[in-house]
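Just so it is clear, none of the values below were taken in a lab; they were calculated from the coordinates. As the structure is a prediction and not an experimental result, all values here were calculated from the model. Don't worry about glycine lacking a Cβ; one is built from the backbone with ideal geometry, like all the others, and counts go over all protein chains shown.
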Amino acid sequence: RPEQLQTDVLVVGTGPMGATTALALATYGVRVHVVNRFNWTANTPRAHITNQRAVEVLRDLGVEKEARLEATPWEWMGDTLFTTSLAGPEIARLRTWGTGDDRISDYLQGSPCTMLDLPQDKMEPLLVKNAAARGAVFSFNTEYLRHEQDSEGVTVFLQDRTTGREYQVRARYLIGADGARSKVMDDAGLQVEGQLARAATAYVFFKADLSRYVAHRPSILYWIVTSNAAFGEIGMGLLRAINPWDEWIAGWGFDMGQGEPDFSPEEIKRKVRLLVGDPNLEFEVKSTSVWYVNQAHAPIYSKGRVFCGGDAVHRHPPSSGLGSNTCMQDAFNLAWKLAFVVKGYAGERLLDSYTLERAPVGAQIVARANQSRVDYAPLNRCFRDADAAEPVEAGLQKLADPGPEGLARRAALAGALKVKNYEFNAQGVELNQRCVSAAVIPDADAAEEVWKRDPQLHVQATTRPGAKLPHAWLVGADGRRVSTLDLVGKGRFTLLTGIAGRAWVEAAATMARPYLRTLIVGTPGALDSYCSWQELREVDEAGAILVRPDGVVAWRQHAAASHVDAAKVALERALAALL
Ligand code: FDA
């Protein structure tokens, strides 16, 4: 008889999607078994930009502080340079990731979490370690081979790569978090639409203390514009700070038609020295890698008991830094739903909302990340003179020209930099998702949402069902500030009301659902001392807002319930529809 193990959820992959899913499920008390074909987590820095929504996920799962200890802080992320080399004349700068004077308050108002920069080879171990400490089972050196599903569960065929032994795990659900070459997707018959490997980029991870060039203008990204190298689709080379300021990645596009990039020691030395602008720079190469520019997403994320997420379902370049962030948010969306079904709080149809809510986000971020690459063209036009023998030298001379040509170029540069805000200051792209599915009950009394500012650039706080609960600072039990987001989530629904909303609170108390807490803003532990929640809540103080475990508003009532029984009927009806 084949050997069979039992678990509730089997996850393939310990990348941002798999590790976050594991951490969330373990936190919620669900049995989860995670496999990874390799000996350990990511062996290169890969994704690093961690946006506010992803940090909110870390915060809810209780690992934000630990992540901050390892991360490059927000303040050092954003004086992004366009320069001829680190040592050479710089051309332009852009304040990025909300660190600019014009955007900083938007970012502070939008979330209790600032962005941070945490390379994947530090993020993954942190997630895995905490998931394991909370009970998740990890099997490294274990390859997913295939699966078979039936009405009761999924049989997953695995191979221990250290011994070659094949065995099976029986799980209620299988999660394909196995990245951009997902076999789980293929085996489940799920497909991505779009174009794969449109262009290619070479990365060299190296060690050298470059603080003399950058410590006074800290940024995690430095774009290099020079005539002395071809840089592929973006037209610029990249120096990316991994560990300020002595670990770096040098990146450049290369022509895929010519095969693999030249990673010979001589060529690496030439390229890195050119980008840094120091012909004598000595440095240690830690690794080299190649990645391809994809533009593809899956319209459907699940088949029966198999759910896929992360790069398995959205494949795109790192521009805009949306990759691992979106993976972590896929995981956060899916994990509470699985937990509710496994625990018997919800019917299996709740799981249908995963594709409905996340596939539009996947499509959006794939388009956004690819557009961000295209949007380097206007900058390049300002920096170059395509017909000249030395295009950048000639272009920069024109940029500095006192006559009409220079004037026009400088005006164009201001415009081209503004376009890059859609890559580097796109707080709306990161936080404005609206969930539409049966796991959200639309507000029949509300007119269609009107965006007051550009929805890609600016977050719009709202308690409309489908949106993330707005962040407001309250005063907590110990007199310290506490965010509205801190008082919801953690695996449970929250019924949020004000001091005048007693009927809702009493109704919830009589229902005694294990997955439902109440929060009365205005009472000790949640004082609206700054009166900012009043401004944001969009419902009467005696109204109610029901928040899902992932912080998304599921339902709201503008006014007081007439009495406790009416509140109970309304709340029961809402929960029954949602779950
Ligand atoms: P991921 O690919 O990370 O993990 C897949 C997992 O599945 C691995 O653990 C793998 O071993 C395992 N696996 C696969 N097949 C298996 C099998 N058959 N059996 C067992 N295990 C199997 N994103 C971002 O948000 N900000 C950024 O700044 C960047 N920057 C960036 C730079 C570069 C160079 C790259 C290549 C990518 C980025 N990204 C990014 C994107 C980011 O790295 C990417 O989106 C995530 O790693 C995807 O996470 P997943 O968990 O979906 O898959």
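For the chain, what is the Kirkwood estimate of the hydrodynamic radius, computed as the reciprocal of the mean inverse distance between distinct Cα atoms, to one decimal in Å?
Details: mean 1/r = 0.0396 Å⁻¹.
Answer for the chain: a Kirkwood hydrodynamic radius of 25.3 Å.
Suppose we keep just the DSSP beta bridges with both residues in region 473-578; what percent of those would be antiparallel, to 5? The partial results should precede the final answer.
Details: 12 of 19 bridges.
Here the antiparallel bridges make up roughly 65 percent for region 473-578.
Got a sec to turn the phi values of region 328-337 into Karplus ³J(HN,Hα) couplings, 6.51 cos²θ - 1.76 cosθ + 1.60 with θ = phi - 60°, whole Hz, x for Gly and Pro?
5, 7, 4, 4, 5, 5, 7, 5, 5, 5
Taking every DSSP beta bridge with both residues inside the chain, roughly what % is antiparallel (nearest 5)?
Working: 68 of 96 bridges.
Here the antiparallel bridges make up roughly 70 percent for the chain.
Using a Cα-Cα cut-off of under 16 Å, which lysines could be cross-linked to LYS183, ignoring same-chain neighbours fewer than 8 residues away?
LYS303
Which pairs in the list LYS271/LYS398; LYS398/LYS452; LYS129/LYS452; LYS452/LYS568; LYS343/LYS568 are over 31 Å apart, alpha-carbon to alpha-carbon?
Details: LYS271/LYS398 26 Å; LYS398/LYS452 39 Å; LYS129/LYS452 42 Å; LYS452/LYS568 35 Å; LYS343/LYS568 23 Å.
In this structure, LYS398/LYS452; LYS129/LYS452; LYS452/LYS568 exceed 31 Å between Cα atoms.
Give me the distance between the Cα centres of region 527-578 and region 98-150, rounded to whole Å.
30
Going by alpha carbons, how many degrees (0 to 90, nearest 10) lie between the helix axis of 352-374 and the longest principal axis of the chain?
It is inclined by approximately 20 degrees.
Using +1 at the Cβ of each Lys and Arg and -1 at the Cβ of each Asp and Glu in the chain, identify which of GLY344, PRO549, LEU413 lies farthest towards the dipole's positive end.
GLY344
Round to a whole angstrom and tell me the spacing of the C-alpha centers of region 244-291 and region 1-77.
30
Sort GLU448, GLU266, GLU148, GLU56 by Cβ crowding within 10 Å, fewest neighbours at the top.
In order of increasing Cβ crowding within 10 Å: GLU448, GLU266, GLU148, GLU56.
Is the shape of region 438-486 best called rounded, prolate or oblate, per the rule: a/c under 1.5 gives rounded, else a/b larger than b/c gives prolate, else oblate, with a ≥ b ≥ c the square roots of the Cα gyration tensor eigenvalues? Please report the intermediate quantities before stating the final value.
Working: a/c = 2.98, a/b = 1.66, b/c = 1.80.
Since a/c reaches 1.5 but b/c is at least a/b, the shape of region 438-486 is classed as oblate.
Lys and Arg at +1, Asp and Glu at -1: add these up for the other residues within a Cβ distance under 12 Å of GLN534 and post the number.
Values: positive: ARG537; negative: ASP528, GLU535, GLU538, ASP540, GLU541.
Summing Lys and Arg as +1 and Asp and Glu as -1 gives -4.
From the gyration tensor of the Cα coordinates in region 473-578, what semi-axes in whole Å does the equivalent ellipsoid have, largest first, with each one equal to sqrt(5λ)? It would help to have the intermediate numbers written out before the result.
On the way: eigenvalues 91, 46, 29 Å².
So the three semi-axes of region 473-578 are 21, 15, 12 Å.
Order 434-447, 352-365 from most to least packed using the mean count of other Cβ atoms within 10 Å.
On the way: 434-447: 15.6, 352-365: 20.1.
Descending mean neighbour count gives 352-365, 434-447.
Restricting attention to region 445-496, which trypsin sites (Lys or Arg not before Pro) occupy a DSSP loop and are surrounded by at most 12 other Cβ atoms within 10 Å?
Details: sites: LYS452, ARG453, LYS468, ARG480, ARG481, LYS490, ARG492; in loops: LYS452, ARG453, ARG480, LYS490.
Loop-located and lightly packed - LYS452, ARG453, ARG480.
Region 134-168: which trypsin sites (Lys or Arg not before Pro) are DSSP loop and have at most 11 other beta-carbon atoms within 10 angstrom?
Values: sites: ARG134, ARG146, ARG161, ARG165; in loops: ARG134, ARG161, ARG165.
Qualifying residues, ordered by number: ARG165.
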